[in-house]
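Chemist: I'd like to ask some things about the structure below.
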Amino acid sequence: MLDGRGAVKRRAGARLWLSGLWLAIVALAAVFAPLIAPHDPLMQDLLYGRLPPFWMAGAEPGYLLGTDSLGRDVLSRLIHGARIALIVALVAGIGTCLIGSTLGLIAGYYRGWADRIISRLVDIWMAFPPILFAILLIAVIGTGLTSVIVAIVVIDWTRFCRVVRAETLNQSQMDYVHSARIAGFTRMKTMLSEILPNVLPTIVALLSLEMGIAVIVEAILSFVNLSISTDQPTWGGMIAEGRLSIHQAWWVLVFPLITLFLTVLSFAQFGEGLKDRFDPVLR
Amino acid sequence: MTDALYRIEGLRVEVADQTRKPLFGAAPRLRILDDISFSIERRSVLGIVGGSGSGKTTLGRTLVRLVEPTAGTLIFDGQDVTQLSDDAMRPLRQRIQLIFQDPMSALNPRLTIGRIIAAPLRAKTSDPRVAAALDNVGLPRGFAGRYPHELSGGQRQRVGIARAIALRPDFIVADEIVSGLDVSSQAQVLTLLANLVKDLGLTLAFISHDLSVIRRLCDRVIVLQKGKIVEDQPVADLFTSPSHEYTRQLLNSIPEPDPSQRW
Ligand SMILES: Nc1ncnc2c1ncn2[C@@H]1O[C@H](COP(=O)(O)OP(=O)(O)OP(=O)(O)O)[C@@H](O)[C@H]1O
Ligand SMILES: [Mg+2]
């Protein structure tokens, strides 16, 4: 009998550990920001404006990554910015995941009119350009942390819905689902105890990816000044400010950009890594 | 009439043929089973034989109410089950089981063998019936903690059998369950099924394309060809006096051990 056992090599856990390590650093920074940040992220000191990072000539001790044009410490702002990034990632990620996955499961398993309604809704939703949609939405409901999260959930649930629906459709064709029907399970029970465990690895990988996307969207909204109030440091806001002085002080732009990049990359890799590591079928 | 557990009358099954669906309008109907009538005696083994694609699996799935019949009546133990809704069917489900042809797809890849067997019983994996079912099919009890992908094809097939018999059903449809097994495992599974029929008063519909297996186990045989019954006979008569040309072809294709043959 031909089967796939052993055909899938378990990949080295390096990406799981590296991405996990970076995310742990970001999480610690977010939780303990007031304790570990060397300076007040909002304190301006024009005498110390545009100090370069520590290895360049003219650097001041205590300002490791330099300061921006208002003399605020870049490192401290990065650390405090992790708070907003993580809150948005967690709340918006879980929100999109719950709504999108539930609708996707229902559409893929129950089919019929539920599927027709949900699928049409997804099609219509996806026809809007997402960022424009977010900007319009926030213009209507006002700026602020809650608005950013609501906007991400409202826009991105379709990503979960589509993928989870397709995977559920696949699984529903399998004989183990028919077998559950023969065993007399209710449809709800079949969906939750038979199909969901098989769709869960996909959901977890997608959730991690979605958290990364939420961080990007928040940064973009900060960049166009539609996110949180300006006195709260955010990575997107820092990038926007850094852009104005890129020729005089590149570090104000580059460090938040790198942080953002690493975080988004880590979220995506972490999800894939988890899937490889803990999926009993691939193992 | 004698004591029939399951009576099937004028059964027809059609599916929508999506490959030939016109751009507008409904897809044409593809007839898979047509005018199928037979009955299964209590405590007997009915063999269902036929070539690949003759509709055996479809018939088996219709008997357990997985496939909706287009026309005809299914009467199980005196009750018309043709039109029963899922909810109305539920109390009967325990009594009618199916062992699937493809053992990989039939076992949930993310549940352990123990849970796969225990779930239809609504029991915990530690339930003695789980261990007993594994014993019955000749699998070590330690397999309860394994996942389906850690088993060989033949072992998975036995898990499917264990799951069905653990429920102590009245009627089992077994769809080509020995095709993936080696000869000695085949003999073991066939003996097991024969004993269950004897000891538990089980009634069995045994689907196979292998007439030598049918001969060992079955009391009566129906032969399917292109969705129609072309032969319905007690097993002894089938082998001595086949009435249909197709049956004769099938019989001729059984490899008979011939000691006089020179190599
Ligand atoms: N859902 C479906 N849609 C279209 N055609 C189908 C469908 N299910 C079955 N068929 C067709 O019906 C016929 C009978 O299929 P079935 O699986 O019952 O055959 P079988 O006798 O079990 O064959 P095998 O011995 O290979 O298992 C085949 O020609 C198959 O292609
Ligand atoms: Mg078949």
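The values are calculated or read from the model by the stated rules, or taken from the named source; none is laboratory data. Note that the structure is predicted; figures quoted are calculated from it, not measured. Note: ideal-geometry Cβ built from the backbone for every residue, glycine included; neighbour counts use all protein chains shown. Side chains are part of the model used for accessible areas, which takes the heavy atoms of the whole protein and leaves out ligands, DNA and RNA. Shrake-Rupley method; radii C 1.70, N 1.55, O 1.52, S 1.80 Å.
Chemist: What pairs come out if I take residues in the range B:160-184 that are more than 15 Å from B:N195 (Cβ to Cβ) and assigned to a helix (DSSP H, G or I) and pair them with residues that are of a type in the set (G, A, S) and within 14 Å of ligand 2 (Cβ to nearest atom) whose C-beta lies under 8 Å away, six or more apart or interchain?
Modeler: What qualifies is B:G160/B:A106.
Chemist: Do we have B:I116 as open to solvent by 30 Å² or more (accessible area, probe 1.4 Å) and either within 16 Å of ligand 1 (Cβ to nearest atom) or touching a residue at least 40 places away in the same chain (Cβ under 8 Å) (or both) here? Don't jump to the end; show me each part of the working.
Modeler: Details: open to solvent by 30 Å² or more (accessible area, probe 1.4 Å): no; either within 16 Å of ligand 1 (Cβ to nearest atom) or touching a residue at least 40 places away in the same chain (Cβ under 8 Å) (or both): yes.
Considered against the rule, which asks whether it is open to solvent by 30 Å² or more (accessible area, probe 1.4 Å) and either within 16 Å of ligand 1 (Cβ to nearest atom) or touching a residue at least 40 places away in the same chain (Cβ under 8 Å) (or both), B:I116 comes out as no.
Chemist: Further question on the same structure: Would you say B:A132 is surrounded by fewer than 18 Cβ atoms within 10 Å (Cβ to Cβ) and outside any helix (DSSP H, G or I)?
Modeler: It is false that B:A132 is surrounded by fewer than 18 Cβ atoms within 10 Å (Cβ to Cβ) and outside any helix (DSSP H, G or I).
Chemist: Picking from B:V137, B:V81, which residue would you name as being modelled with pLDDT under 90 and more than 16 Å from ligand 2 (Cβ to nearest atom)?
Modeler: Of B:V137, B:V81, the one residue that is modelled with pLDDT under 90 and more than 16 Å from ligand 2 (Cβ to nearest atom) is B:V137.
Chemist: To continue, here is another question. In the range B:91-113, what count of residues is obtained for those that are more than 9 Å from chain A (Cβ to nearest Cβ), in contact with a Leu (Cβ under 9 Å, 6 or more places away or on another chain) and either outside any helix (DSSP H, G or I) or farther than 14 Å from B:Q155 by Cβ (or both)?
Modeler: Here the count works out to 1.
Chemist: Away from chain B (no Cβ under 14 Å) and crowded, with 21+ Cβ neighbours inside 10 Å - does that describe any residue in the range A:131-142?
Modeler: For the range A:131-142, residues away from chain B (no Cβ under 14 Å) and crowded, with 21+ Cβ neighbours inside 10 Å: present.
Chemist: Report, by residue number, each residue of the range B:30-49 that is within 11 Å of ligand 1 (Cβ to nearest atom) and surrounded by fewer than 24 Cβ atoms within 10 Å (Cβ to Cβ).
Modeler: Scanning the range B:30-49 gives B:L30, B:R31, B:I32.
Chemist: From the residues in the range B:10-28 that are without any contact (Cβ under 8 Å) to a residue 24 or more places away in the chain and not in a loop (DSSP other than H, G, I, E, B), which one is nearest to ligand 1 (Cβ to nearest atom)?
Modeler: Applying the filter and picking the extreme gives B:V15.
Chemist: Something else now. Have a look at A:M191, A:M238 and point out the one that is open to solvent by less than 60 Å² (accessible area, probe 1.4 Å), in contact with a Leu (Cβ under 7 Å, 6 or more places away or on another chain) and either part of a helix (DSSP H, G or I) or not polar (S, T, N, Q) (or both).
Modeler: The match here is A:M191.
Chemist: Here is a list: A:A166, A:A107. Which entry is closer than 28 Å to A:L274 by Cβ and crowded, with 17+ Cβ neighbours inside 10 Å?
Modeler: A:A107
Chemist: For residues that are open to solvent by less than 20 Å² (accessible area, probe 1.4 Å) and within 16 Å of ligand 2 (Cβ to nearest atom), scanning just the range B:212-246, find the one that is farthest from B:L33 (Cα to Cα).
Modeler: B:V213
Chemist: Check off (1) in a loop (DSSP other than H, G, I, E, B); (2) within 10 Å of another protein chain (Cβ to nearest Cβ); (3) open to solvent by 60 Å² or more (accessible area, probe 1.4 Å) for B:S52 and give me the number that stays unchecked.
Modeler: (2)
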